[in-house]
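The numbers here are math on the coordinates, done by the rules we state, and not lab data. The shown structure was predicted, so the numbers you read here are calculated from the model rather than taken from an experiment. Positions of Cβ are generated from backbone atoms using ideal geometry, with glycine treated the same way; all protein chains shown enter the neighbour counts.
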Amino acid sequence: MSTEYIDLTEKYLRIVPHITHCEPDTADLLQPTLWHSDLHLNNIYVDLDTETITDIIDWQNITVAPLLLQAKIPRMARHISPLPLGWVMPEKPEGYETFSQKDKLKADKLYESALCQKYYEVCTAKKNQRHYAAMCHNDTWKSPLILPLKSISGAWSSREVFMLRSSLMEVVDHWAEIQPAADCPISFTDEERNLHNEEMENRDYIEGLMEEFQDAGILPSDGIVDPEDYEVVQKTNHAQKEMFMSLAEDEEQREWMDKIWPYQDRPSEA
């Protein structure tokens, strides 16, 4: 990874002056903001009688950073797969009435998940306009571009460069919207793009596989388990990982499949 990481970092440094300048209308969105980065249902306590939040826990990883770097849909309301921002409401899949009961339950779960995110968006737009404005900004190619900034900081600690590479390729592809009066200072070869697209297809396959495991109750959706279940789920994870890696055609592919498996054991020095 280190060689590609260095190469991508050099590319990043060449474009960073072009993607970090700020227009006056974004100044307010750059104000330092205190942010809880791990809002999921196990961290939020609600009084069932009054339906009010009584406590929020797990503040140890909170950060103070520009709002643009923080703004996102929290995990408690985020759909399983990415949804575009906007007022287009989700619909049940075509042919829903002909589905089996099992498939209907799965479709209902996805539909309700998408509705939950859209409801969060609507409430945020009405009651927290700065947060919604920051999310909308991050959904455009208007500077400052947040995804490359976040990807560069997370690439080394996560030991993978896919998101960094992907964000830089998107910058190249949308350069005319970012800096129409200047040539893009970086590029990617056809071979690099083909390899990236191949990795993307495999990651999409893994994502689908994870959804199947989650629906079957084999593995949790986010890797979080109760302490008393940890050893059992860890053994299940290792078994499913070995089953997946057994599909490899050679040692090189096996190493790659090992690398992209989402639930990884980290070395003790990490």
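General remarks:
- Given charges at beta-carbon only (K, R positive; D, E negative), |dipole| of the chain in Debye: 980 debye
- For the chain, the spread of Cα coordinates along the three principal axes comes to 56, 56, 47 Å, biggest extent given first.
- Once the C-beta distance of THR140 and MET76 is scaled by a Förster radius of 35 Å, the resulting FRET efficiency is 0.85 to the nearest 0.05.
- Restriction of the GluC sites (Glu not before Pro) in segment 1-104 to DSSP coil positions whose beta-carbon has at most 14 other beta-carbons within 10 angstrom yields GLU51, GLU91, GLU94.
- Karplus 3J(HN,Hα) series, Hz, for segment 252-258 with 6.51 cos²θ - 1.76 cosθ + 1.60 (x for Gly, Pro): 4, 5, 4, 4, 5, 5, 4
- Going from the fewest other Cβ atoms within 10 Å to the most, the residues LEU195, LEU39 appear in the order LEU195, LEU39.
- Whole-Hz couplings from phi, Karplus 6.51/-1.76/1.60, listed for segment 150-167; x for Gly and Pro: 6, 5, 5, 6, x, 5, 6, 5, 8, 6, 7, 10, 4, 5, 4, 4, 4, 5
- Computed [θ] at 222 nm, helices only, for the chain once each DSSP H run of length n ≥ 4 contributes -39500 (n - 2.57): -16500 deg cm²/dmol
- For segment 1-75, size of Cβ-based charge dipole, Lys and Arg +1, Asp and Glu -1, in debye: 380 debye
- Using θ = phi - 60° in the Karplus curve 6.51 cos²θ - 1.76 cosθ + 1.60, the 3J(HN,Hα) couplings for segment 99-107 round to 5, 5, 4, 5, 5, 5, 4, 5, 5 Hz; x is entered for Gly and Pro.
- Neighbour counts of C-beta atoms inside 10 Å place THR236, THR20 in the sequence THR20, THR236, starting with the fewest.
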